[in-house]
Amino acid sequence: MINYFKLAYRNLGRHRRRSFLSGLALALGTALLMFIAAFFQGEMRSAMESTLRLNSGHLQVRDADYDPDKLSVAWDYLVENPMQIAAQIQTLDVVQTATPRLFASGIVSVRDESVGVQIIGIDPASPANDPYRTLTAGEFLTADDREGILIGYPLAQSLRLSVGDTLTLLVNTADGSVDQQPFTVRGIFTTGTTAYDKGIVFLPLAKAQAFSGAGDRASIIFVLLKDREQAEAVAAAISSPNYQVKTWRELNQLLVLVNDFSDAYLVVINLIILGVTVTVIVNTLLMSVFERTREIGILSAIGMKGHQIITLFLAEAFLLAAGGVTAGTLIGWAASAYFGKVGIYFGDLGLSADMLLEDRIYTVLTFDAAVNLIITAFVITLLASLYPARMASRMEPVEALHSAQ
Amino acid sequence: MEVAKLTDVTRIYKVGQVETRALNGINLTIESGEFTSLVGPSGSGKTTLLQLIGCLDQPTSGSVVINGKETTGLNRNQRADLRKGTIGFVFQFFALIPTLTAYENVEMPLLLNGKSAAERRRRVMELLEAVGMADRANNRPDQLSGGQQQRVAVARALATNPKLILADEPTANLDTENGEQVMEIMKKLNRETGTTFVFATHDPRVIKYANRVVTLQDGVIVKDAPGNGKS
Ligand SMILES: Nc1ncnc2c1ncn2[C@@H]1O[C@H](COP(=O)(O)OP(=O)(O)OP(=O)(O)O)[C@@H](O)[C@H]1O
Ligand SMILES: [Mg+2]
């Protein structure tokens with residue numbers, strides 16, 4: 001057996017700098033691919049997580065007439081007996097938690113400033129509200145608190161509110177009028193998602209119902225499942241003529257679309273990066289074929305066949321690919337791991353609640369994505385190298401010998 | 001026995017509109033054990049003829065039979081197969097693979113012929129010994145003089161015990177002493193192993209070793225006479 005790798009290694013060693021640079025190009029390309037994949041993954045996960053956890057849940061039970069954009073608490077739009085329905089849904093095995101929520105529109109005023117907000121009445125005891133339990137100051141709400149309010153960190157900042165301060169909250173009530181009442185800031189929460197935190201205030205459900213005149217009704221039952229892929233099945237199981245059930249897919253059509261597109265988008269980016277990288281490798285190999293025309297002629301004259309010449313050049317490509325992809329994987333993995341811990345700060349991108357993104361995006365490099373990229377980079381490099389390799393193998397020995405005399 | 005038999009061989013090169021009739025109706029038979037020189041002025045077709053005998057190239061018309069096998073119509077790989085093991089080459093330039101040591105250069109045709117490691121080792125050392133290069137086995141070509149490189153090239157040409165060795169101006173880039181040395185080695189191998197040698201050359205130092213001298217002019221054989229070389 002001819003040791004093609006030994007030959008290839010020595011041939012690469014002839015032009016160390018050139019081999020190094022083309023390996024480096026492949027390394028950087030691979031690293032970039034990994035990082036972008038990790039970024040996309042992190043971004044989509046963050047968007048999904050934030051949007052589902054903070055906003056839509058996996059399932060929502062609503063009154064058939066409910067219009068989420070109006071935030072109306074008119075009784076026609078609300079679910080009756082929400083506690084009972086929530087308790088029933090909660091009994092299902094696949095359900096993690098189900099809790100009623102009341103949404104109303106309001107205005108917070110302090111001194112001479114006022115800001116429009118969404119008032120959410122929550123059951124403080126429900127684990128569904130854990131995402132709001134991270135406080136920068138103060139304490140979380142209790143169910144029987146009649147004067148306390150929980151506000152978001154960005155709102156507290158802009159209105160210069162601290163724990164213990166008093167604000168005036170104005171609400172659009174069920175009968176279409178407005179009511180107002182002073183509340184004391186009990187706590188300041190942060191979900192890490194400014195777009196969300198800046199426009200939300202929380203009241204205990206009972207207080208919110210009384211304040212807005214919603215009786216014992218709720219806008220939705222917010223349901224989290226143990227596995228969100230079960231949403232359709234659970235929706236079918238709990239369907240009832242008294243209310244409608246919406247799944248997270250229906251509630252987040254934009255997000256689902258973006259998520260689906262992101263894969264296609266990623267493929268395009270990958271192809272562009274790989275295209276550039278592979279051009280460098282192919283160029284290196286082509287140069288090497290042209291420089292070694294005479295040598296190829298000699299090998300051919302002493303009986304080396306076409307496929308053996310192809311193997312020789314592919315072995316060079318293989319070594320370049322192995323070195324480049326390995327180094328690139330290490331760099332890409334290190335960068336993804338680092339930014340997976342530290343995150344990349346984007347701040348409030350001003351996205352709506354349809355697609356929430358945390359202020360920091362944490363890169364997530366999945367094993368599958370990494371393996372896919374490694375294989376893709378490798379295979380594409382080798383495939384592209386077939387062109388120069390075949391070219392070398394097709395040289396007629398006479399012409400090859402002539403060309404350098 | 002006939003090692004090579006060319007019948008009515010013509011080779012026309014076409015470059016753009018210009019046709020060059022490099023060989024014109026050549027009939028030539030090379031018998032086993034010959035030590036033959038192809039001579040003639042520059043451009044007379046010596047290299048072209050060697051390339052046809054060596055199956056590196058194909059005639060425009062006519063037939064080339066090597067070792068009893070018709071070669072016209074063979075594809076690139078079939079010709080490579082025919083060459084390896086049957087024909088060895090020594091070129092004017094020192095055609096060693098620069099990344100391989102002297103040892104590895106001589107070993108390459110044996111590798112291509114699928115010889116075992118032990119056999120390769122024995123054969124390579126034997127050949128390097130024969131051309132006086134055993135002590136430089138591990139040197140790369142750039143660490144060898146032109147004459148030394150050419151001796152390694154001769155060893156490589158002989159590696160697979162080919163019936164026929166074709167050498168195109170093997171001494172052209174060598175000084176007198178090195179040239180003579182290389183010729184002595186080839187002559188000795190010819191005598192001891194019966195390997196057939198065909199040279200294309202202008203060099204009188206080569207011609208004087210030949211036992212047959214074929215003279216070409218404008219692609220035609222104008223003279224075919226015994227040489228002065230002692231067999
Ligand atoms: N690849 C080629 N393309 C076109 N013409 C060629 C080619 N090779 C050789 N020729 C022409 O064919 C003729 C014979 O060339 P060849 O190389 O065989 O001569 P030669 O006897 O070896 O000469 P020299 O002693 O200078 O080496 C010349 O006229 C040459 O120009
Ligand atoms: Mg010539």
### Task
Could you please find all residues in region A:281-291 being open to solvent by 10 Å² or more (accessible area, probe 1.4 Å) and either farther than 14 Å from A:Ser19 by Cβ or more than 12 Å from every other protein chain (Cβ to nearest Cβ) (or both)?
A:Val282, A:Asn283, A:Thr284, A:Leu286, A:Met287, A:Phe290
### Message
Checking the condition buried (at least 17 other Cβ atoms within 10 Å of the Cβ) and in contact with a helix residue (DSSP H, G or I) (Cβ under 6 Å, 6 or more places away or on another chain), which residue from A:Val245, A:Val256 passes?
### Response
A:Val245
### Message
I'd like to check which helices (runs of 4 or more DSSP H) are fully inside region A:1-102 and have at least 1 residues that are within 30 Å of A:Thr363 (Cβ to Cβ) and away from every other protein chain (no Cβ under 14 Å).
### Response
A:16-50
### Summary
Of the residues in region A:343-398, those that are among the β-branched types (Val, Ile, Thr), surrounded by 14 or more Cβ atoms within 10 Å (Cβ to Cβ), closer than 30 Å to A:Val289 by Cβ and at pLDDT 80 or above come to A:Ile374, A:Thr376, A:Ile380, A:Thr381
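Please tell me if B:Gly85 is modelled with pLDDT under 90 and open to solvent by less than 40 Å² (accessible area, probe 1.4 Å). I'd like the intermediate steps shown before the answer.
Values: modelled with pLDDT under 90: yes; open to solvent by less than 40 Å² (accessible area, probe 1.4 Å): yes.
For B:Gly85, the condition - modelled with pLDDT under 90 and open to solvent by less than 40 Å² (accessible area, probe 1.4 Å) - is met.
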### Task
With respect to B:Asp224, determine if the residue is within 14 Å of chain A (Cβ to nearest Cβ), more than 16 Å from ligand 2 (Cβ to nearest atom) and charged (D, E, K, R).
no
### Message
Could you go through region B:43-51 and let me know if any residue there is free of Cβ contacts under 8 Å to residues at least 60 places away in the same chain and either open to solvent by less than 10 Å² (accessible area, probe 1.4 Å) or more than 16 Å from ligand 1 (Cβ to nearest atom) (or both).
### Response
no
### Task
Name, by its number, the condition in (1) within 18 Å of A:Ala104 (Cβ to Cβ); (2) open to solvent by 20 Å² or more (accessible area, probe 1.4 Å) that does not hold for A:Gly192.
(1)
### Message
For region A:118-152, give me each residue that is β-branched (Val, Ile, Thr), under 16 Å from A:Thr184 (Cβ atoms) and open to solvent by less than 40 Å² (accessible area, probe 1.4 Å).
### Response
A:Ile119, A:Ile149, A:Ile151
### Query
What is the number of the single condition among (1) among the acidic types (Asp, Glu); (2) open to solvent by 30 Å² or more (accessible area, probe 1.4 Å); (3) within 23 Å of B:Thr201 (Cβ to Cβ) that B:Asp57 does not meet?
(2)
## Note on the structure
Within region B:64-112, the residues that are of a type in the set (S, T, N, Q) and farther than 30 Å from B:Asp175 by Cβ are B:Asn67, B:Thr71, B:Thr72, B:Asn75, B:Asn77, B:Gln78, B:Thr86
### Task
Taking only region B:98-107 into account, find how many residues are open to solvent by 10 Å² or more (accessible area, probe 1.4 Å) and within 21 Å of the chain's Cα centre (by Cα).
4
### Summary
Filter region B:1-42 for residues that are charged (D, E, K, R) and out of contact with any Gly (no Cβ under 9 Å at 6 or more places or on another chain); the one that is surrounded by the fewest Cβ atoms within 10 Å (Cβ to Cβ) is B:Lys14
### Query
Can you tell which of B:Asp203, B:Asp175, B:Asp135 is over 23 Å from B:Arg120 (Cα atoms) and open to solvent by 40 Å² or more (accessible area, probe 1.4 Å)?
B:Asp175
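The values are calculated or read from the model by the stated rules, or taken from the named source; none is laboratory data. Note that this is a predicted model, so its numbers are computed, not measured. So basically every Cβ, Gly included, is an ideal-geometry build from the backbone, and we count neighbours across all protein chains shown. Only protein heavy atoms, including side chains, enter the accessible area calculation; ligands, DNA and RNA are left aside. Shrake-Rupley method; radii C 1.70, N 1.55, O 1.52, S 1.80 Å.
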